[in-house]
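Bear in mind that the values in this text are calculations on the coordinates, not laboratory data. Since this is a predicted model, take the numbers as computed values, not measurements. Every residue, glycine among them, receives a Cβ derived from its backbone with ideal geometry; neighbour counts consider all protein chains shown.
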Amino acid sequence: MTDCVFCRIAAGEAPATKIYEDDTLCAFLDIRPIARGHTLVIPKRHATELEDLDADLGAQMFRAGHRLALAIRRSSLSADGANLVLNDGTAAFQTVPHVHLHVIPRNHGDKLRFAAGLLLRRPHEPMTTAEAIKGGIAALEAEDEGKSA
Ligand code: AMP
Ligand code: ZN
């Protein structure tokens, strides 16, 4: 068994509140969120840092993060924006050695709440948060279908 916690999450061998999954990527709630809805997108295939990451997989990971940011705006979390952050390497304070993209919902005027979130890192009802984001993904898909009709 791998000792990489994100590989184990991707394989369904470690618990996580998953938001989205396909053959190559997985997105799940951060266990110590800075803000409600803080999500991580990972490639399922292990890569420790950007040095090891296939460029196409990196592009797919960003595409998924982009869609999640749009979904979170459309969800009942009603984000006004998001921080998409990737800490590459221990020099950049990467703490989990499996590449991951943070998607952190933001709202206008949330500076103090965001600062408190950075300090406290407390979970916010993971199940209802995940359902809210999935609702946003469904809304985004409905929009896409409307555009292509
Ligand atoms: P980084 O500093 O970019 O490496 O961030 C790693 C992130 O992974 C942190 O925000 C942690 O809270 C999060 N994290 C660590 N272990 C888990 C886990 N088992 N499930 C979900 N998120 C995790
Ligand atoms: Zn891994």
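Points worth noting:
- Among the residues making up the range 117-131, those that are part of a helix (DSSP H, G or I), more than 18 Å from residue 81 (Cα to Cα) and not polar (S, T, N, Q) are 119, 120, 126, 127, 131.
- Test: residue in the range 24-40 that is in a loop (DSSP other than H, G, I, E, B), within 16 Å of ligand 2 (Cβ to nearest atom) and either of a type in the set (Gly, Ala, Ser) or closer than 23 Å to residue 144 by Cα (or both): yes
- Residue count for the range 1-23 under the criterion of being among the hydrophobic types (A, V, I, L, M, F, W, C) and assigned to a loop (DSSP other than H, G, I, E, B): the result is 5.
A quick yes/no check of all residues on (1) more than 16 Å from ligand 2 (Cβ to nearest atom); (2) surrounded by fewer than 14 Cβ atoms within 10 Å (Cβ to Cβ):
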position: 66; (1), (2): yes, no
position: 73; (1), (2): yes, no
position: 79; (1), (2): yes, no
position: 82; (1), (2): yes, no
position: 86; (1), (2): no, no
position: 98; (1), (2): no, no
position: 106; (1), (2): yes, no
position: 109; (1), (2): yes, yes
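- Pick from the range 68-83, criterion within 19 Å of residue 21 (Cβ to Cβ) and either under 14 Å from the mean Cα position of the chain (by Cα) or without any contact (Cβ under 8 Å) to a residue 24 or more places away in the chain (or both), ranking: farthest from ligand 1 (Cβ to nearest atom): 70
- Answer residue from the range 43-64, given it is surrounded by 14 or more Cβ atoms within 10 Å (Cβ to Cβ) and of a type in the set (Gly, Ala, Ser) and is farthest from residue 2 (Cα to Cα) among those: 64
- Within the range 95-128, being polar (S, T, N, Q) and away from ligand 1 (no atom under 13 Å from the Cβ) holds for 107, 128.
- Residues in the range 8-67 that are free of Cβ contacts under 8 Å to residues at least 12 places away in the same chain and within 11 Å of ligand 1 (Cβ to nearest atom): 3 in all.
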